[in-house]
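First the structure, in the form of structure tokens, and then the observations on it.
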Amino acid sequence: MTWILRSSIAAMMLAGVPAYAHHGWGGQEEAVTSLTGTVVEGVSLAGPHATMKIKVGNDVWDLTLAPPARTERAGLKEGLIPVGATVMVRGNRNLDHAKHEMKTIYIKQGSTEYHVYPDRE
Amino acid sequence: MAHVFAWLEHSPLGAFTRSLGVWSYGVINLAHILGIILLFGSILILDLRLLGAWRQVPLAVLSRPTTTMAVIGFILAVCSGIPMITVKTTDYIGNPFLFIKFPAIALALVNVWLVHRSPAWQAHFTRDLLPAERRRLARGAAFSLVFWLTAITSGRMIGYW
């Protein structure tokens, strides 16, 4: 009976690992990058993570936000930041620089600030 | 292929799923996981029995409830999986795991069909199986585990690509 108990505990500990990896920022740079661009696709609160797209120079960046409920708690509702608005964002960009993708910590539009991941600022 | 993905994303089902609120993806994802639990949990018990575990349990006693629960799990997984993939389908363009997952499911279903139409499977409801019949079903069980585990593994990895 003890081996069942022991292997169950080991399995539960192992099961926690991928969940941590998924929500960790393993694929992103340690350094924080700041970008200023114009919104081409506003905040979407659908899917596993909220998203938006901004254009910086000639590149369209995919901004990955927090899970939808957390993003909404940070004040970012759909339609709040209109397409064409200028925003400044900070976050950790993808380790693969060929991808213009960033996990977003903070967004500022005009004087309005959105703290998506305050603990990472 | 990108065309098909864009069509799925812009389908009425995609728009409807996206409109359901901030918890909807999590809830649909939960239904998908529950479906997979029912499907694979049942399949694992049946397949291990076909591979020689728990010989004291008559196969016909085990095969009915496990098959029923697996069917319910599969239906739940499909009904939750389709709306989930329509939410942001174009995000999956170039994701290789989709092209492992869906062929693996297709192979798993072909295997189910082949096993169920085999004389050995038909016979197990009414009598003890001959060694050759047991080997036939054990082979089907081995294929089943490989195909379903491949489908589940590649399905999980879609989000990590």
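Tabulated data for the structure shown
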| item | result |
| --- | --- |
| B:Tyr160 vs. criteria in contact with a Leu (Cβ under 6 Å, 6 or more places away or on another chain), within 14 Å of chain A (Cβ to nearest Cβ) and either closer than 26 Å to B:Leu20 by Cα or at pLDDT 95 or above (or both) | no |
| Subset tally (residues that are closer than 13 Å to B:Leu145 by Cβ and free of Cβ contacts under 8 Å to residues at least 12 places away in the same chain) for the range B:40-80 | 1 |
| Search result, residues across the range A:48-85 that are closer than 17 Å to A:His100 by Cα and in contact with a Phe, Trp or Tyr (Cβ under 6 Å, 6 or more places away or on another chain) | A:Ile54 |
| Identity of the residue in the range A:22-47, at the interface with chain B (Cβ under 9 Å from one of its Cβ atoms) and either in contact with a helix residue (DSSP H, G or I) (Cβ under 6 Å, 6 or more places away or on another chain) or in contact (Cβ under 8 Å) with a residue 60 or more places away in the chain (or both), that ends up nearest to A:Met102 (Cα to Cα) | A:Gly27 |
| A:Gly79 at positive phi and out of contact with any strand residue (DSSP E or B) (no Cβ under 7 Å at 6 or more places or on another chain) | no |
| Which numbered condition B:Lys88 misses (of (1) surrounded by 18 or more Cβ atoms within 10 Å (Cβ to Cβ); (2) under 30 Å from B:Met1 (Cβ atoms); (3) at pLDDT 95 or above; (4) of a type outside the set (Asp, Glu)) | (3) |
| Failed item, numbered, when A:Thr51 is tested on (1) within 14 Å of chain B (Cβ to nearest Cβ); (2) in contact (Cβ under 8 Å) with a residue 24 or more places away in the chain; (3) touching a strand residue (DSSP E or B) at 6+ places or on another chain (Cβ under 7 Å) | (2) |
| 3 or more residues away from chain A (no Cβ under 13 Å): qualifying helices (runs of 4 or more DSSP H) within the range B:1-115 | B:2-9, B:24-50, B:59-87 |
| Test: B:Ser24 is surrounded by 14 or more Cβ atoms within 10 Å (Cβ to Cβ), modelled with pLDDT under 95 and among the small types (Gly, Ala, Ser) | yes |
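The values are calculated or read from the model by the stated rules, or taken from the named source; none is laboratory data. Since the model is a prediction, treat every value here as computed from it, not as a measurement. Here Cβ is always computed from backbone atoms with ideal geometry, including for glycine, and neighbour counts include all displayed protein chains.
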